[in-house]
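S.K.: Sharing a structure, written as structure tokens. Questions coming.
A short reminder: the numbers here are calculations on the coordinates, not readings from a lab. Keep in mind that this is a model prediction, so the values were computed, not measured. Neighbour counts are summed over all protein chains in view; Cβ atoms, including those assigned to glycine, are modelled from backbone coordinates with ideal geometry.
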Amino acid sequence: MVNGAPNDDAPLISLRGIRKHYGGEGGQPLVAVLHGIDLDIHAGEFVAVVGSSGSGKSTLMNILGCLDRPSAGCYRFQGQDVARLDADALAWLRRQAFGFVFQGYHLIASESASENVQMPAIYAGLPKDERVRRAQALLARLGLGERLGNRPNQLSGGQQQRVSIARALMNGGHIILADEPTGALDSHSGAEVMALLRELADAGHTIILITHDRAVAAQARRVIEISDGRIVGDSARGDSTDGSVRLPLAPRPRNAAAAPWLAELLEAARGAWRGMRLNRVRTSLTLLGIVIGVASVIVMLAIGEGARRKVVEQMGTMGTAILYMGSKPPATGGPAGQITEDDLAALRELPEIRRVMPVIGDPVTVRYGNADKQIYVFAASEEMPLVHRWRPALGRYYTEAEDRGLAPLVVLGHKAHRHFFPDTPDPLGRQLIIGNSAFEVIGVMSERGAESGAQDYDDMVFIPYRSGRARVYQAQTQPDYVVIEARSAQVVHAAEEAMRRLLIARHGGREDFGIGNAAARIQAEAATRESMAVMLGLIAAVSLVVGGIGVMNVMLMTVRERTREIGIRMAVGARQGDILRQFLTEASLVTLVGGLAGLLAGLAVGVVLIVSGVPVVFSVRAMLGAFACAVATGLVFGYMPARTAARLDPVRALAGE
Ligand code: ADP
Ligand code: MG
């Protein structure tokens, strides 16, 4: 059947020389429990194994049910040597062939009667609606049709035992192994359970009943007596059928991938959710690390991005190749220098430099008709639109020739246009009085928008540098400052050095000017931001690790608390992989919830920051990344506890050790 040649004449179960001992290693005393059991059981038999307490009945049953392996001897199931089966094959055999009924019922306390009954079918891969229907039918047949949703603690002992019988029948229950099924019941409920077992035997199920009570044993068709690990009596073989009856077992799946992982995953997630709700305080404390980690990643990246955008905005669209220069008293003392037209002409000759734009700007009274206003009058060379990467929306900008010819021309900023000509969409050709001179409007700049820089360029007017000096800023002997554009961002430093050398030479060895490097400022800020990001990344990583250790701790506790549940799941046929997946799912569900909470906390903090004026830009990628990290933490730190659970020995787990 499993593999190897089928043997049609073999009994269903055949034990030869089965021995079992405990201990014997690590200084523990060797306890021999079974001393060579020979036993054949045929399909359809109703066998009672009777013996006093401690005689080895349960040990025998665990071996028969493939929950435990014998220390010596041979167990053949339908002719197949069970010793050759691996853990998954044994799980398959338990799932398909056996149904267990225990003295202590062994129901899962947190699940309803119907869910308890369905469990073997989940591991067998039965679709959900079929599973639910079958569990209902079985429970109804056993008189529990009204109790489907009850938890075990809402049922009497007799009812709980009937639920466990329904569970044993869920996957067919070809062989029912009942260990003291009436041991914990009053005589009436006990009689009911025995009547049920007799009914099942009549219906063709093979029943192996284990009891210390001779009166109970007498109800079976064959009674085997066991004493001190030896069979000391066997009533004549009963009315059993011939050996050729074979169990119609569902085929064993070839590979683990064929397992119904989605149903199991949902099942595990449901169980995990339930467990988390039961342990709300513990779970939320554990999750703090994950929440803080995820929230800090999200908030800090958002702040970093906000800061970066703000810098870029402040720099305008001027790029990273811009230098500023102005006269300034030298550090060694003495008067500030004079930046002359010849200095500017010499600077223009430097190979690293593309443009040199002198600027004079001050608030000046500007008039049109009756309207006048103090407005910033920006006098610069015709290169202003190129340096600022800005275009007129209407009309044109002045040319170099016009600048040289001291032409009285003015280009308006967007707001200046609205202020002086609110009703004139096209003010070209009108005359503005700036200071005491008339300037002709030849253009209107496009709207530059709210820049967070010191000046609002939309609220200015622009005039040629030379006519500005001649007509408005007569007292000015040199530019307020000079904007220099290097050929590229790469040569900015070289340009700065070349300028400094040239001007020092021209100024008789005195450094009576200052050079501001916008590119250097951006680079410095970028470096600061980067080191901040690294630090925050470390904080986040540490809190995720701490959170992960918390999750591992809680999962280890969970595994300990639920050892018996794990044993029950194994007895009804869960593979090791099923148990592993269940606890991994629980761990990652915990961290998933933590990740979600962290995400919400991060967003909330971000919103508070935005409201209080801190520039914050959320990044979806950062959120997804932080979230994925949280789930990965669950998988990594949940693995060890889940593996511990999966490797539990079914018998010891059932005993709750
Ligand atoms: P029964 O079910 O007939 O009452 P058991 O099969 O449970 O008896 O136990 C038989 C003997 O084996 C007992 O003496 C018990 O102490 C011993 N025994 C059972 N399990 C273990 C174990 N895990 N380690 C050591 N001794 C054990
Ligand atoms: Mg026992």
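S.K.: Taking neighbour Cβ counts within 10 Å as the exposure measure, how do CYS629, CYS74 sort from fewest upward?
M.R.: Going from least to most buried by this count: CYS74, CYS629.
S.K.: For region 81-136 and region 191-206, what is the centre-to-centre distance using only Cα atoms, to the nearest Å?
M.R.: Spelled out, the Cα-based centre of one part sits 19 Å from the other.
S.K.: Taking 4 °C and 1.567 mPa s as the conditions, I'd like the Stokes-Einstein D for region 278-387 in µm²/s, using the Kirkwood hydrodynamic radius from alpha carbon pairs.
M.R.: 64 µm²/s
S.K.: I've got another one for you. Pull out the extension gain between LEU596 and ALA203, defined as 0.36 nm times the separation in residues minus the alpha carbon to alpha carbon distance; nm, one decimal.
M.R.: 136.2 nm
S.K.: Just for the chain, what percent of DSSP beta bridges are antiparallel, to the closest 5?
M.R.: 65 percent
S.K.: Let me ask something additional. Where does the Debye-calculated log10 I(q)/I(0) of region 64-210 sit at q = 0.17, 0.20, 0.21 Å⁻¹, using only Cα point scatterers of equal weight, no solvent?
M.R.: -0.96, -1.25, -1.34
S.K.: A follow-up question, please. Need one number: the % of Cα-Cα pairs in region 600-657 sitting beyond the 15 Å mark.
M.R.: 68 percent
S.K.: For region 96-176, what size does the Cα cloud have along each of its three principal axes, sorted from largest down, in whole Å?
M.R.: Between the extreme Cα coordinates on each principal axis of region 96-176 lie 29, 25, 23 Å.
S.K.: For the chain, what does -39500 (n - 2.57) per DSSP helix run (n ≥ 4), summed and divided by total residues, give at 222 nm, in deg cm²/dmol to the nearest 500?
M.R.: Estimated from H runs of four or more residues: -15000 deg cm²/dmol.
S.K.: Ok, one more. Between THR528 and ARG500, what FRET efficiency follows from the Cβ-Cβ distance if R0 is 30 Å, with the result rounded to 0.05?
M.R.: That pair, THR528 with ARG500, gives E of 0.75.
S.K.: For LYS310, which lysines qualify as cross-link partners when the Cα separation must be under 26 Å and same-chain residues fewer than eight apart are set aside?
M.R.: LYS415
S.K.: Can you pull the Kirkwood radius for region 322-517, inverse mean 1/r over Cα pairs, to one decimal in Å?
M.R.: 17.6 Å
S.K.: Among 554-562, 377-385, how do they line up by average Cβ neighbours within 10 Å per residue, starting with the highest?
M.R.: Output ranking for 554-562, 377-385: 377-385, 554-562.
S.K.: Relative to the compact-globule scaling 2.2 N^0.38 Å, provide the ratio for the alpha-carbon radius of gyration of region 567-608.
M.R.: 1.86
S.K.: Counting only C-alpha contacts under 8 Å and six or more residues apart, can you give the relative contact order of region 129-175 as a whole percent?
M.R.: 44 percent
S.K.: Which percent of Cα-Cα pairs in the chain sits in each 10 Å bin, short to long?
M.R.: Reading the bins upward from 0: 3, 12, 16, 13, 9, 7, 7, 7, 7, 8, 7, 4, 1, 0.
S.K.: In whole percent, what relative contact order does region 13-253 give with Cα contacts below 8 Å and a gap of six or more residues?
M.R.: With pairs under 8 Å counted, the relative contact order is 30 percent.
S.K.: Highest first, please rank the peptides 146-155, 32-41 by the mean number of other Cβ atoms sitting within 10 Å of their residues.
M.R.: Values: 146-155: 14.8, 32-41: 18.2.
The most tightly packed comes first, giving 32-41, 146-155.
S.K.: Based on alpha-carbon centroids, what's the gap between region 321-380 and region 580-624 in Å, whole number please?
M.R.: Answer, in whole Å: 50.
S.K.: Under a point-charge model restricted to the Cβ atoms of Lys and Arg (+1) and Asp and Glu (-1), what is the dipole moment magnitude of the chain relative to its Cα centre, in debye to the nearest 20?
M.R.: 740 debye
S.K.: For region 322-517, calculate the relative contact order in percent as a whole number, restricting contacts to Cα pairs under 8 Å that are 6 or more residues apart.
M.R.: For region 322-517, the relative contact order is 36 percent.
S.K.: Treating the beta-carbon of each Lys and Arg as +1 and of each Asp and Glu as -1, no other charges, what is the dipole magnitude of region 322-517 about its Cα centre, to the nearest 20 debye?
M.R.: Dipole of region 322-517, to the nearest 20 debye: 80 debye.
S.K.: By per-residue mean of other Cβ atoms within 10 Å, what is the highest-first order of 166-179, 105-118?
M.R.: Answer by packing, highest mean first, reads 166-179, 105-118.
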